[in-house]
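As structure tokens, the structure follows; a few thoughts come after it.
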Amino acid sequence: MSREETFASLSKSFGEKIQCKTEFRDETAYTIAASDLRGIAKFCRDELAFDYLLDITSIDNFGEEPRFEIVYELYSMPHAVHLRLKLQVSEDAGEVDTVSDIWPTANWHEREIYDMMGIKFKGHPDLRRILMWDGYPFFPLRKDFPLEGLPSEMPDVAFTKVTSMEGGPFVTVPSTATSKDREPRARPPEL
Amino acid sequence: MPETHSSAYDSKIEGNVIFTRLDAALNWVRKNSLWPMPMGLACCAIELMATAASRFDIARFGAEVMRFSPRQCDVMIVAGTVTYKMALAVKRIYEQMPEPKWVIAMGACASTGGMYRSYAVLQGIDQLLPVDVYISGCPPRPEALLAGLMKLQEKISRERSFAKQKPELVERLEEALS
């Protein structure tokens, strides 16, 4: 099945459920509704041979509604086709169906999204935090979470403090200048 | 031909007796046989391994016995980024080491948090442990770690080890002598 045939088949089966199709630099992304996710995911795996889930990521469009966006990167090993599925999640819903029974690799990806963004996955077999410790009270990749962190304390388990940013965060300026000029310093050089 | 004199003491032990301060002897023994606790947490651990391997050879300084049990170690080399999740584990391992013990903060991350000014990284292991030597670099080259180790050896050789280890005995001795 070629690339075109794959996408034609997807459009034929789920035409009215696909909210938006974007092509950018030979990469195809479909925006779908959260309620259609499992149906489309199963179809992609079983009928279109998208047997490889490369990644699941989440985006926080803070200040917009719906706030969150989840991106599924699919790849078909037999046909060498790449497909991107996007779905939007509002903060109030905050819950998406799991795909960890469709692609087992989604298990840890969904745990990471839960840990960093606080989006829950309905039907996930083991939805615990994966990077931060159980009981950490914040979701650090949300846009309203400060980069320097917030203090927290779990006696005998872990703690966090607010980090001194010392004038940062620092961004390297792209140019051909020496690194001394490209990379800003917290202290002015004359001190 | 230089002239020789018979010594004041028995010739059988001549040459086998040295006079020194107890602290100097203790420190000399300690500093030349530091057993490191390799607390490898990030890329600095790779340089730590290189330091231990044949090319740089930390054995030249008597610190080649890396034990993965804190109970057999003298110096903890914190090599890498200490996240808050790991921080209390590092502290716990440090607490399991027997006295006397020292800490080397190897690299920018262990010393100050390095480039990780973030919610997840402890900004320097000295917020939890008493650090003896800080080594700059990201990661430091093995030579830098060896230089840090030599600095620690210098520091150990200046310590008042005996008074630190047996304070009551030293107090009684001083009372008896005064």
Self-check item: GNM flexibility winner over chain B from B:ILE93, B:ILE156, B:ILE135 (Cα, springs under 10 Å)
Solution: B:ILE93
Self-check item: Placed amide H near A:PHE121: partners under 5 Å, 5+ positions off or other chain
Solution: A:VAL96
Quiz item: How about the range B:36-143: which trypsin sites (Lys or Arg not before Pro) there are in a DSSP loop, with at most 14 other Cβ atoms within 10 Å of their Cβ?
Solution: B:ARG55, B:ARG67
Quiz item: Using alpha carbon centroids, what distance separates the range B:112-174 and the range A:57-136, in Å?
Solution: 44 Å
Quiz item: Using heavy-atom solvent-accessible surface (probe 1.4 Å) with all chains present, what is the largest-first order of B:THR83, B:THR20, A:THR98?
Solution: B:THR20, B:THR83, A:THR98
Quiz item: With all protein chains present, how much of the accessible area of the range A:1-149 (probe radius 1.4 Å) comes from carbon and sulfur, to the nearest whole percent?
Solution: 49 percent
Quiz item: Non-local amide H neighbours of B:VAL75 (under 5 Å, H modeled in plane, Pro and chain starts lacking H): which ones?
Solution: B:TRP35, B:MET37, B:TRP102
Quiz item: Where the Cα atoms of chain A are projected onto their three principal axes, how long is each span, largest first, in whole Å?
Solution: 66, 49, 31
Quiz item: Extent of the range B:62-178 along each principal axis, from alpha carbon coordinates, in Å, largest to smallest?
Solution: 56, 29, 25
Quiz item: Given DSSP loops and a limit of at most 12 other Cβ atoms within 10 Å, what is the longest stretch of chain B that contains no such chymotrypsin sites (Phe, Trp or Tyr not before Pro)?
Solution: B:69-178
Quiz prompt | More than 27 Å apart - percent of Cα-Cα pairs taken over the protein assembly as shown | solution = 66 percent
Quiz item: Once the convex hull of the C-alpha atoms of the range A:77-151 is built, how many Å³ does it hold per residue, rounded to a whole number?
Solution: 128 Å³
Quiz item: So which GluC sites (Glu not before Pro) in the range A:33-92 pass both tests, a DSSP loop state and at most 11 other Cβ atoms within 10 Å of the Cβ?
Solution: A:GLU64
Quiz item: Structure shown: which of A:LYS161/B:LYS101; A:LYS12/A:LYS42; B:LYS31/B:LYS91; A:LYS21/A:LYS86; B:LYS31/B:LYS101 lie over 21 Å apart, alpha-carbon to alpha-carbon?
Solution: A:LYS161/B:LYS101; B:LYS31/B:LYS91
Practice problem: For the range B:21-30, just list the computed ³J(HN,Hα) in residue order, Karplus coefficients 6.51, -1.76 and 1.60, θ = phi - 60°, integers in Hz, with x standing in for Gly and Pro. | Solution: 7, 4, 4, 4, 5, 4, 5, 4, 5, 5
Quiz item: How far is helix B:142-157 tilted, in degrees, relative to the longest principal axis of the Cα atoms in chain B, given as a value from 0 to 90 rounded to the nearest 10?
Solution: 40 degrees
Quiz item: Which of B:VAL82, B:VAL17, B:VAL121 moves most in a GNM of chain B, Cα contacts under 10 Å?
Solution: B:VAL17
Exercise. Considering only DSSP beta bridges where both residues belong to the protein assembly as shown, give the percentage that are antiparallel (nearest 5).
Key: 55 percent
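The values are calculated or read from the model by the stated rules, or taken from the named source; none is laboratory data. All figures in this text were calculated on a predicted structure; none of them were measured in a lab. Quick reminder, even Gly has a Cβ in these numbers, built from the backbone with ideal geometry, and neighbours come from all protein chains shown. We work out accessible area using only protein heavy atoms, side chains counted, and drop any ligands, DNA or RNA first. Shrake-Rupley method; radii C 1.70, N 1.55, O 1.52, S 1.80 Å.
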